[in-house]
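Chemist: Structure incoming, see below.
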Amino acid sequence: MNVPLSTHAESKQAQYIFLIEDNESMRQSLIGMLEFLGYRVQAFSCATDFLQTPIQVGPAVVITDMRMPDMSGVELQAELIARGRTIPIIFISGESTVQQSIDAMKQGALEFLVKPFERDQLLAAVMHGLELDAGYMRSYVEEIALEQNLKKLSARQLETFELLAQGLNNAELMARLNVSLATAKQYKAEVMRKLRLHTIAQLIALKKNSTKN
């Protein structure tokens, strides 16, 4: 069963929840609660159906039961990792082994809630997960923008960028590039302009984030 996205009016930033729960009663209860709170929910009765649906929206989180007939929550989590999709996952379970919970947390699960759980526990995990995914999205956008802007740099400017990212000052730039102070400042200004940055601290942070990703 595939429940369409909520048709509620969009908020300033839509927030999405992918729910995988084979118990009809629990699934409908969670859909009602989450949609009432303004989240856009897409629900599935099995992990296989969910995996056939591209995740092309965000920020988003996955809420999944641990014990399902087609594959376990841990197996679903491993498949998402294999596909390279970083998305916060919240596990809910009435029956699960200690090893399953350990494996889920090792693979980066955001939260593991045992049924019956408190509504506030789930909502706190959802809000945390959405914040994390929004951060992943920002990092990805920044990385793509950096890649595009770096293509605008000449070989000399690209060399200057790498040196600036190491925190070198003007005197050190002069020595490494074997140029005058005026030329070093010119290269530096051109790099900052093409990358649309205002401070060296921004440049260093951008480089550091792109390296992490």
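The values are calculated or read from the model by the stated rules, or taken from the named source; none is laboratory data. What you see is a predicted model; the values in this text were computed from it and never measured. Backbone-built Cβ (ideal geometry, glycine too); neighbour counts: all protein chains shown.
Chemist: Among L150, L146, L122, L130, which is the only one that is modelled with pLDDT of 90 or more and closer than 27 Å to L206 by Cα?
Modeler: L130
Chemist: May I ask you to list the residues in region 4-37 that are surrounded by fewer than 19 Cβ atoms within 10 Å (Cβ to Cβ) and either modelled with pLDDT of 85 or more or part of a helix (DSSP H, G or I) (or both)?
Modeler: Those that are surrounded by fewer than 19 Cβ atoms within 10 Å (Cβ to Cβ) and either modelled with pLDDT of 85 or more or part of a helix (DSSP H, G or I) (or both): D22, N23, E24, S25, M26, Q28, S29, G32, M33, E35, F36, L37.
Chemist: Between residues in region 121-138 that are within 15 Å of F18 (Cβ to Cβ) and free of Cβ contacts under 8 Å to residues at least 24 places away in the same chain and residues that are of a type in the set (D, E, K, R) and surrounded by 15 or more Cβ atoms within 10 Å (Cβ to Cβ), which pairs lie under 6 Å by C-beta distance while being six or more apart or on different chains?
Modeler: Hits for this filter: zero, empty list.
Chemist: Here is a follow-up. So G84 fits all but one of (1) modelled with pLDDT under 90; (2) at negative phi; what number is the exception?
Modeler: (2)
Chemist: Report every pair of residues separated by at least 6 positions or lying on different chains whose Cβ atoms are under 8 Å apart, first residue within region 151-178 and over 14 Å from L195 (Cα atoms), second of a type in the set (D, E) and surrounded by fewer than 17 Cβ atoms within 10 Å (Cβ to Cβ).
Modeler: L163/E172; L177/E159
Chemist: Out of the residues in region 87-101 meeting the condition of being out of contact with any Lys or Arg (no Cβ under 7 Å at 6 or more places or on another chain) and surrounded by 13 or more Cβ atoms within 10 Å (Cβ to Cβ), tell me which one is modelled with the lowest pLDDT.
Modeler: T97
Chemist: So, of the residues in region 164-213 that are buried (at least 16 other Cβ atoms within 10 Å of the Cβ) and not in a helix (DSSP H, G or I), which turns out to be farthest from the chain's Cα centre (by Cα)?
Modeler: This residue is V179.
Chemist: I need the full set of residues from region 45-54 which are part of a loop (DSSP other than H, G, I, E, B) and more than 20 Å from M26 (Cα to Cα), in order please.
Modeler: Q52, T53, P54
To keep it simple, each residue is scored yes or no on (1) in a strand (DSSP E or B); (2) among the hydrophobic types (A, V, I, L, M, F, W, C); (3) surrounded by 21 or more Cβ atoms within 10 Å (Cβ to Cβ).
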position	(1), (2), (3)
A43	yes, yes, yes
Q56	no, no, no
V62	yes, yes, yes
R67	no, no, no
L76	no, yes, yes
R85	no, no, no
